[in-house]
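Below is one structure, written out as structure tokens; comments come after it.
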Ligand SMILES: Cc1cc2nc3c(=O)[nH]c(=O)nc-3n(C[C@H](O)[C@H](O)[C@H](O)COP(=O)(O)OP(=O)(O)OC[C@H]3O[C@@H](n4cnc5c(N)ncnc54)[C@H](O)[C@@H]3O)c2cc1C
């Protein structure tokens, strides 16, 4: 059977020779490190859900490519029902993890690579699409976790790539051999790659004649020679490293959204894993089709799951603190519900209005306008939900002593008495809930949500291309009987 058990997943990522660093130190085994372990736990959950009778309809589906049940996170959408199921799975994973399912970026790159290589083969006579299908079958048969890497450091934003003093600020092909290519450069902010089996690499931006060496897409195992991972390090990483008990933390088991830089130091990629090399006119399309798919994911699915958690925490805290009759708090929670359900509606609209793109290719992508609106909407509404949750949580969200005080004989009594607020719920429950709210409102998620899948300007650029106002102008002319 293609589907791996959670235990098989753990075994499959054990023993890989990764070159990985965090906070100035080399990490020996990512399974033993408290921060990198959270990424493994998140991906592991998706293997368990695909086999659990209660959740398998959400997390698994049938593959017509290999004629077997596969994980939803290796399935490329072939109709709008698939897109809706993908949206629902994104919400489900997020509300159960409170962080990324690190298989989502890779899945969204598959949609882009399918669509773009199919079109390239039709128009240029290349043979990338069958190569990609073979790769996808391999991923499905082995139930692999796949990360996706687009974002690059880039040189000065107001300067052309050819004028950058460092040519490797965008990933570059430095050698073409009979058996493959060699690439050099870096991808930054990449979610969970070190705990995945594979990473799909796409261009970050459109390229132009003269930039052929930058127009490249491929897939490699995450332990390929020449790769180095330099992990993010935040106050949340430090806190987790020194925690005695994960229940001192805001998201105990699954942690933050963990990323790393991936440095490609002359990395070899065999031709059978190269999906684009030099066709500059298609580099932008890889990015756009990825963005279209990923913006539905980030805007209309996973953030809905996150907001479900925040709403739940606020409702519970309201009860524990005797605030159930406070009218403004009920209003604030209702406002959160409206914001999260609007996000869900945008995601479902993007899925339901999705279409086969290009026609005949077999891959369905979300609607361009609604996909971008999903993300643009959530960039703003997520901050608003955090603001409201911060009000409901009170100053304690940022002033709370450590939950570890409950184990300190010298302070335990004070904390139990004064931070219970006289509630039968007791101090520990209130503190754990408040810590959860700190994780959201005073943590990494505001900026993370804003930039993940691109900042507001990126969506506005796409929308300004997709919307031409002809229909709206025609409506007004008809209403007023204006003729040209
Ligand atoms: C939690 C998280 C997870 C992520 N996971 C992944 C992942 O798995 N894979 C991946 O590939 N990427 C990932 N990203 C990267 C994400 O896509 C980028 O952060 C995002 O596209 C913004 O790019 P940047 O961070 O380089 O910011 P910048 O591009 O530096 O943006 C900063 C500001 O500068 C503006 N700006 C940038 N360039 C220009 C320009 N040329 N002209 C005018 N204004 C400009 C932007 O609009 C923005 O206002 C992740 C990011 C986050 C936060």
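The values are calculated or read from the model by the stated rules, or taken from the named source; none is laboratory data. Keep in mind that what you see is a predicted model, and the values were worked out from it rather than measured. Cβ: placed from backbone, ideal geometry, glycine included. Neighbour counts: every protein chain shown.
Taking the stretch 75-121, which residues are over 23 Å from residue 222 (Cα atoms) and within 13 Å of the ligand (Cβ to nearest atom)? Within the stretch 75-121, 94 is the sole residue that qualifies.
The set of residues in the stretch 175-204 being in a loop (DSSP other than H, G, I, E, B) and buried (at least 18 other Cβ atoms within 10 Å of the Cβ) consists of 192, 196, 197, 202, 203, 204. Just one of the listed residues (148, 155) is within 22 Å of residue 230 (Cβ to Cβ), within 11 Å of the ligand (Cβ to nearest atom), surrounded by fewer than 19 Cβ atoms within 10 Å (Cβ to Cβ) and modelled with pLDDT of 95 or more, and it is 155. Evaluated against (1) surrounded by 21 or more Cβ atoms within 10 Å (Cβ to Cβ); (2) over 17 Å from residue 231 (Cα atoms); (3) out of contact with any helix residue (DSSP H, G or I) (no Cβ under 7 Å at 6 or more places or on another chain), residue 68 falls short on exactly one condition, (1).
Scanning the stretch 351-369 for residues that are part of a helix (DSSP H, G or I) and either more than 18 Å from the chain's Cα centre (by Cα) or modelled with pLDDT under 95 (or both) yields 352, 368, 369. Taking the stretch 447-466 as the range and being free of Cβ contacts under 8 Å to residues at least 12 places away in the same chain, more than 7 Å from the ligand (Cβ to nearest atom) and farther than 18 Å from residue 286 by Cβ as the test, only 464 passes. Taking the stretch 408-437 as the range and being more than 21 Å from residue 324 (Cα to Cα) and touching a helix residue (DSSP H, G or I) at 6+ places or on another chain (Cβ under 7 Å) as the test, the residues that pass are 411, 412, 415, 416. Residues in the stretch 212-235: is at least one assigned to a helix (DSSP H, G or I) and closer than 17 Å to residue 151 by Cβ? Yes, the stretch 212-235 contains at least one residue that is assigned to a helix (DSSP H, G or I) and closer than 17 Å to residue 151 by Cβ. Mind checking whether some residue in the stretch 223-232 is within 15 Å of the ligand (Cβ to nearest atom) and under 17 Å from residue 100 (Cα atoms)? Yes, some residue in the stretch 223-232 is within 15 Å of the ligand (Cβ to nearest atom) and under 17 Å from residue 100 (Cα atoms). Please determine, by comparing only the residues of the stretch 122-134 that are in a loop (DSSP other than H, G, I, E, B) and touching a helix residue (DSSP H, G or I) at 6+ places or on another chain (Cβ under 8 Å), which one is farthest from the ligand (Cβ to nearest atom). For the stretch 122-134, the residue satisfying everything is 127. For the stretch 319-376, residues that are out of contact with any helix residue (DSSP H, G or I) (no Cβ under 7 Å at 6 or more places or on another chain) and farther than 30 Å from residue 78 by Cα total 11. Residues in the stretch 326-373 that are in contact (Cβ under 8 Å) with a residue 60 or more places away in the chain and under 16 Å from residue 315 (Cα atoms): 2 in all. Against the test of being away from the ligand (no atom under 14 Å from the Cβ), in contact (Cβ under 8 Å) with a residue 40 or more places away in the chain and within 20 Å of the chain's Cα centre (by Cα), the options 434, 441 yield a single qualifying residue, 441. Residue 484 fulfils the conditions (1) away from the ligand (no atom under 16 Å from the Cβ); (2) assigned to a helix (DSSP H, G or I) except for a single criterion, (2).
Selection over the stretch 158-201 of residues that are near the ligand (Cβ under 8 Å from one of its atoms) and within 23 Å of residue 233 (Cα to Cα) gives a count of 7.
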